[in-house]
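J.: Below you'll find the structure I mean.
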Amino acid sequence: MIVYTYYGDPWKLKSGDVIRIYTICKTLRTLTDRIIVYNLNHLINKPSITRYENILYYSVPRKFYNIMAKLTNWRNMEELNPLMKLTHYIDEFIATIKSFNILKQYRIAYIFGSMTLFSFFSRVLGVRCKFIYDPLSNYAQTLYIRSRKSLKEFLRYGLYLALYKLQLKVSDLIIYPSRIDLENAKRMFDVKKALVVENPLPIHYHSEEYIMLRAERNDFSRPYFILLAGGKGPANEEAIKLTISVFNNLPQHRFKLFITGPWTDMSRYVKNSSIKLLGVVPNSELKKLLAISDYGLSPVFSHAAGTFLKVLAYIAAGLDIIVSTPSLLGIDLFMIRKRKVFLVRNINEYAETIQKIINNWPDEKTPERLRLHNVYTSDPSIIIREQLRNVLQSIVK
């Protein structure tokens, strides 16, 4: 099997999308005789080969993108810049031509990417292998939300749908990360042959490990909140500024707030000593923070590309969540059936909900507050392995 994606260095697990790519590739390696991951990478200037956990990653540079980025001074977060997307498709077409002889050697190609046309280009060039297409996340729903706000966004959404349909049309099997995404795709695009391979939980514990980490908390007189802010981007920046402004106005002895991610420059907005900007933390520290917290925060009101992956981390750690509607897109409801979910529709409801939780928090260490969260302690890759086995059996048939 050959795998294609345009995310550089997926084994470094720097985002929710690459966690999905890495987990699926690692699992596929146990189900297939041979696998190579072929990826476009705008961070490199020449081709490179990396072997990681018995998977061969062949990275090629996005040369046209790099040239245009230097000429126009683009920033990586300008994800919907139309000219930037055009360079992406040009680079993909060039990559398809260069990989043509490699593609002919494989029976199955697994394609990742919400904005890719790799399968379409390959079909045009005459490649006849079976194509499995994984759009990764709820990007179509995200653009739909944006399209309702302005004509400009509507035009971008329409262009995306037209290109997305090309990819769907030439793919032999479509893979969605949740039942909700699958049902939306059936309504929006009339897809026929599609299956679900769940998003891997970004974090999971062994039972003993969780109990040990949870026991490190000795203060239950106030609620602990955590915001996984993610990478640099306008939606994450909005969530951080909003959260800091809400908690700045609360008594410091009544709560504790952890904010992770590359946002230490936001310290200039912090006026309350109970707000902790921790920066990017290692996975071991993240596990501890989630274990000792009570509530996960996801106040994203503009759009939700990838946002629900942060909510998955809260769910995996057994937290109750304070969440906006867009952040729940792509989350199967059965996953949150044992959680308290505070759904907030705007900034005012967000502030009011947090204030209410703090006001109703008991002062004494009651058994209710000392209970262990209902966490997912089993390895989520077991479920993904069985789902991928079904995928391979389906595509072979």
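J.: Of 85, 340, 165, how do they rank once you tally other Cβ atoms within 10 Å and put the fewest first?
T.: With the sparsest Cβ surroundings first, the list reads 340, 165, 85.
J.: Separate question: How high is the relative contact order of the stretch 207-370, given as a whole-number percent (alpha carbon pairs under 8 Å, six or more residues apart)? All intermediate terms of the calculation are to be shown ahead of the outcome.
T.: Working: 260 pairs, mean separation 40.3, N = 164.
RCO, the stretch 207-370: 25 percent.
J.: Here's another thing I want to ask about it. Apply the Karplus curve 6.51 cos²θ - 1.76 cosθ + 1.60, θ = phi - 60°, to the phi angles in the stretch 218-225 and return the couplings in whole Hz, x for Gly and Pro.
T.: 10, 10, 10, 7, 8, x, 9, 10
J.: Also: Suppose only helical runs count, i.e. DSSP H with n ≥ 4. What mean residue ellipticity at 222 nm does that imply for the chain under -39500 (n - 2.57) per run, divided by all residues and rounded to the nearest 500 deg cm²/dmol? Before the final figure, lay out the partial values.
T.: On the way: 15 runs with 169 residues, N = 397.
Calculated at 222 nm, the ellipticity per residue is -13000 deg cm²/dmol.
J.: If you don't mind, another one. Given the options 124, 300, 191, state which has the largest fluctuation in a GNM of the chain using a 10 Å cut-off (strictly under) for Cα springs.
T.: 124
J.: Please determine, in degrees from 0 to 90 and to the nearest 10, the orientation of helix 283-292 with respect to the longest principal axis defined by the Cα atoms of the chain, where the helix direction is its Cα long axis.
T.: 40
J.: Okay, moving on. Could you point to the label whose value was computed as volume of the Cα convex hull per residue in Å³ for the structure here, given (1) 279; (2) 268; (3) 143?
T.: Working out volume of the Cα convex hull per residue in Å³ from the coordinates points to (3).
J.: Suppose a student asked you for the relative contact order of the chain, using Cα pairs under 8 Å spaced at least 6 residues apart; what percent would you report?
T.: Rounded, it is 15 percent for the chain.
J.: May I ask you to list the aspartates and glutamates whose Cα is less than 20 Å away from that of residue 70, ignoring any residue fewer than eight positions away on the same chain?
T.: Excluding near neighbours in sequence, the set is 78, 79, 91, 92.
J.: What is the helix-to-structure angle for 307-316, meaning the angle in degrees between its Cα long axis and the longest Cα principal axis of the chain, kept from 0 to 90 and rounded to the nearest 10?
T.: 60
J.: Greater than 29 Å separation of Cα atoms is the criterion. Which listed pairs, 26/46; 338/397; 165/340; 85/130, meet it?
T.: The answer is 338/397; 165/340.
J.: To test your reading of the geometry: what angle, between 0 and 90 degrees and rounded to tens, separates the Cα axis of helix 16-29 from the longest principal axis of the chain?
T.: In the chain, helix 16-29 runs at an angle near 60 degrees to the longest axis.
J.: To continue, here is another question. Provide 114, 178, 394 in ascending order of the number of other Cβ atoms located within 10 Å of each residue's Cβ, fewest first.
T.: Placing the least packed residue first, the sequence is 394, 114, 178.
J.: Please identify, among 190, 181, 134, the residue showing maximal mean-square fluctuation in a Gaussian network model of the chain using a 10 angstrom Cα cutoff.
T.: 190
J.: In what order do 25, 129 fall by count of nearby beta-carbon atoms within 10 Å, going from fewest to most?
T.: Lowest to highest Cβ neighbour count: 129, 25.
J.: What residue among 87, 260, 32 has the largest mean-square fluctuation in a Gaussian network model of the chain, using Cα springs under 10 Å?
T.: 32
J.: Also: Around residue 110, which amide H atoms from residues at least 5 apart in sequence, or from another chain, sit under 5 Å from its own amide H, with H modelled in the peptide plane?
T.: Excluding prolines and chain starts, which carry no amide H, the hits are 2, 3, 4, 132.
Values in this text are rule-based calculations from the coordinates and carry no lab data. On a predicted model such as this, the values are computed, not experimentally measured, just so you know. FYI the Cβ positions are ideal-geometry reconstructions off the backbone, even for glycines, and counts take in every protein chain you see.
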